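A.B. asks: Quick one: this structure, given as structure tokens, is what I'll be asking you about.
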Amino acid sequence: QVRLEESGGDLVPPGESLRLSCLGSGFVFASYDVAWYRQGLGKGREFVALSAATGYSDYGDAAKGRFTVSRDNAKSILTLEMFDLKPEDTAVYYCKAKWGFKEWWGQGTQVTVSS
């Protein structure tokens, strides 16, 4: 079955960088669109970044200019590089895989930005 496992979340001070990873298994990673979302405490789930199977990438407003998404299809890994982190980036970050009308979510990894 499709499985997504996020890792890399941590407690970091403002201005620092962090790299999140999402390991996919149970499906042909290269054929799926994969994306990052996040959900802060008391907030709705927010789109962060997309890496489409075609090679196209897209970013949510909060991520533009500070975050970079990439994928390694050979290793089935989606990566999110985050720079100049701000307290408002504090959230649980989720990985999502999509194929057609079906989608699957990971369990999330906590990122906390605080001094």
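The values are calculated or read from the model by the stated rules, or taken from the named source; none is laboratory data. Keep in mind the model is a prediction, meaning the values are calculated, not measured. So basically every Cβ, Gly included, is an ideal-geometry build from the backbone, and we count neighbours across all protein chains shown. Protein only, heavy atoms only, side chains kept; ligands, DNA and RNA dropped before computing areas. Shrake-Rupley method; radii C 1.70, N 1.55, O 1.52, S 1.80 Å.
A.B. asks: Convert each backbone phi in the stretch 97-105 into a coupling constant with the Karplus relation 6.51 cos²θ - 1.76 cosθ + 1.60 (shift: θ = phi - 60°), then list the ³J(HN,Hα) values in order as whole Hz, x for Gly and Pro.
C.D. replies: Running phi through 6.51 cos²θ - 1.76 cosθ + 1.60 with θ = phi - 60° gives 10, 9, 9, x, 9, 9, 9, 9, 10 Hz.
A.B. asks: Let me ask another. How much solvent-accessible surface does Leu23 expose, in Å² to the nearest 10, with a 1.4 Å probe and all protein chains in place?
C.D. replies: Leu23 has an accessible surface of roughly 80 Å² with all protein chains in place.
A.B. asks: Would you please give the FRET efficiency between Asp61 and Gln1, computed as 1/(1 + (r/R0)^6) with r the Cβ-Cβ distance and R0 = 25 Å, to the nearest 0.05?
C.D. replies: Calculated transfer efficiency: 0.15.
A.B. asks: What accessible area per residue, rounded to a whole number of Å², is obtained for the chain using a probe radius of 1.4 Å?
C.D. replies: That works out to 55 Å² for each residue.
A.B. asks: Roughly how many debye, to the nearest 20, is the charge dipole of the stretch 1-53 about its Cα centre, given +1 on each Lys and Arg Cβ, -1 on each Asp and Glu Cβ, and no other charges?
C.D. replies: Dipole about the Cα centre, nearest 20: 120 debye.
A.B. asks: Going through the stretch 73-115, which chymotrypsin sites (Phe, Trp or Tyr not before Pro) have at most 13 other Cβ atoms within 10 Å and a DSSP loop state?
C.D. replies: Those satisfying the criteria are Phe83, Phe101.
A.B. asks: Under a point-charge model restricted to the Cβ atoms of Lys and Arg (+1) and Asp and Glu (-1), what is the dipole moment magnitude of the chain relative to its Cα centre, in debye to the nearest 20?
C.D. replies: 300
A.B. asks: From the backbone phi of the stretch 10-22, what are the Karplus-calculated ³J(HN,Hα) couplings (6.51 cos²θ - 1.76 cosθ + 1.60, θ = phi - 60°) in whole Hz, Gly and Pro given as x?
C.D. replies: 6, 9, 9, x, x, x, 7, 10, 8, 10, 9, 10, 10
A.B. asks: In Å, what Kirkwood hydrodynamic radius results for the chain from the alpha-carbon pair distances?
C.D. replies: 14.0 Å is the Kirkwood radius here.
A.B. asks: Something else about it: Whole-Hz Karplus ³J(HN,Hα) for the stretch 48-62, in order, using 6.51 cos²θ - 1.76 cosθ + 1.60 and θ = phi - 60°, x for Gly and Pro?
C.D. replies: 10, 7, 10, 10, 7, 4, 6, x, 5, 10, 8, 9, x, 4, 5
A.B. asks: Another question, then. Under the rule of at least 5 residues apart or a separate chain, name every residue whose amide H is placed under 5 Å from the amide H of Trp99.
C.D. replies: Correct list: empty.
A.B. asks: Hey, another quick one. Summarise the accessible area of the chain (1.4 Å probe, protein heavy atoms) by the percent that is carbon and sulfur.
C.D. replies: 50
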